[in-house]
Every structure is written in structure tokens, then in C-alpha cells.
Amino acid sequence: MDQLIFYFKLGLFHVLDINAYDHLLFLVILTVPYVFKDWKRVLLLVTMFTLGHTFSLVLSVYGVVSINKSLVEFLIPLTILISALYNLFTAGKVSKNERVGLLFFAALFFGLIHGLGFSTYFKTVVGSGDKLLPLLEFALGIEAAQLLIVIIVLFLSFIFQTIFRFSKRDWVLVTSSMVIGIALLLLIDTKFW
């Protein structure tokens, strides 16, 4: 039980760490086009993202996949930028039902990339020995943190759209534009260049 709590907390606080804001940015971009009534869709998107990064984390931890760390550090902000640009160009134009398949695939694929970013950290913590159970416990902590972030973003969306009277389109445009600026800075700061 202590191990479960340890790795669960590790996953939880790894996402909630202010220094890991790239993960937070991706969750914001994934969530910002939605409102509380879309909770099932958002839950599925976040779960697809979690499945993707858990799968790549498993592959990386067991040595099946090995990718240059600098490349992964470049690809992570690139996924954020692509997702934010997608929101920017589709805000108010495309029905959510039409783009769900693409978004689920993108969340899964981008989760694969983000999971590779977790692998170095996870390998240093777990060391040798049994990795599968700690990895699943770590993933549960990540999923819990992601759901917390999603609830916060949905709540902020509600506040800005009802109290401050932002249109949904404007809310998505402003939030996505801010994230694009941050993602560009992250891309420039990577060692990939």
C-alpha cells in the first residue's frame, strides 16, 4: 500500500509541479474548447492522452523504444503548439462531433510523445526491479492530476463565459493564443537547435 501511495503521489505531483507546465499547457489546450456538459468527451480525450503516454512510458522503461531526449524535449512543445493552432483555426467553425475522431487520435499520438518525456524521470526513480506495477500506479497519479487540471480549466471557462461574458469563441482564441506564445518560447529554448 505504501508503494501505491508513493508512486501515485509521484505521478500526481509530477504533473502538478509548476516546473512541468508543458504538461499543464497541453491539458489546457485539450480542454479549453469544452464546457462542463461535454465532460464525457473531455474525459475520453484525457484518458486517450493518458493511455498514449503510459504506453510509450512502458515501451521506454523496458527498453523497447529509445529516442533522443533533445528530440522529445522539442516534440513536446511542438504538440502543444499544433494543438493550440488547431484550436485557434477551428474556434467557432467546426462542430465538436465532426472533429472528435481526429482529436482522439491526436490526444493518443501526442500522449505517446509526452510519455517519452516522463520516461527518463521515471527510470531514475524506480531503478531496477519490478517496473510494471509502479508504472501503473504512477499513471494513476498522472490521470488524477490531469482530471484535476481539467476541472479547473472547465471551471475557469465557466467563469469567463458566464460572469465576464466572454463568448466561447473568444475564450478559446485568447487562451489558445497565450499558449501559442508560451509554446513558441519553449520551442526556442530546447536544445534541439
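Share of Cα-Cα pairs in segment 8-155 beyond 27 Å, in percent? I get 19 percent for the Cα pairs in segment 8-155 exceeding 27 Å.
Shown for ILE163, ILE5, ILE29: other C-beta atoms within 10 Å of each C-beta, ranked fewest to most, produce the order ILE163, ILE5, ILE29. Bridging of LYS40 to aspartates and glutamates at a Cα separation below 20 Å is possible for GLU98, GLU143, once same-chain residues fewer than 8 apart are set aside. If you find the alpha carbon centre of segment 166-180 and of segment 48-96, how far apart are they in angstrom? Cα centroid of segment 166-180 versus Cα centroid of segment 48-96: 21 Å apart. When trypsin sites (Lys or Arg not before Pro) are flagged only if DSSP places them in a loop and at most 12 other Cβ atoms lie within 10 Å, the longest unflagged stretch of the chain comes out as 1-92.
LEU43 to LEU185: extension gain in nm, 0.36 nm per residue of separation minus the Cα-Cα distance?
Stretched out fully, the LEU43 to LEU185 stretch lengthens by 48.2 nm.
Across VAL174, VAL28, VAL15, mean-square fluctuation computed from a Gaussian network of the chain (C-alpha pairs under 10 Å connected) peaks at VAL174.
Select from segment 87-192 those chymotrypsin sites (Phe, Trp or Tyr not before Pro) which occupy a DSSP coil region and have at most 10 other Cβ atoms within 10 Å, ordered by residue number. Intermediate values should be presented prior to the final figure.
Working: sites: PHE89, PHE104, PHE105, PHE109, PHE110, PHE118, TYR121, PHE122, PHE138, PHE155, PHE158, PHE160, PHE164, PHE166, TRP171, PHE192; in loops: PHE164, PHE166, PHE192.
Taking segment 87-192 and a limit of 10 other Cβ atoms within 10 Å, the loop chymotrypsin sites (Phe, Trp or Tyr not before Pro) found are PHE164.
Compared with the direct C-alpha span, the chain from PHE158 to ASN19 gains 47.4 nm at full extension, assuming 0.36 nm per residue. In this calculation the C-beta distance from THR120 to LYS168 is compared with R0 = 35 Å, giving a FRET efficiency of 0.35.
Of all lysines in the structure, those lying under 22 Å Cα to Cα from LYS131, and not within fewer than 8 positions of it along the same chain, are LYS9, LYS69, LYS123. Here LYS37 is the anchor, and the lysines within straight C-alpha reach of less than 22 Å, apart from those fewer than 8 places off in the same chain, are LYS93, LYS96, LYS168. With the biggest extent put first, the Cα atoms of segment 93-189 measure 54, 30, 27 Å across the principal axes. When the chymotrypsin sites (Phe, Trp or Tyr not before Pro) in segment 1-63 are filtered for DSSP coil states and for at most 15 other beta-carbon atoms within 10 Å of their beta-carbon, the remaining sites are TYR62.
Read-outs: derived from the displayed coordinates by stated rules, not from any lab. Just so we're clear, the structure is a prediction, and the values are computed from it rather than from any experiment. Please note: Cβ atoms are built from the backbone with ideal geometry, for glycine as well, and neighbour counts cover all protein chains shown.
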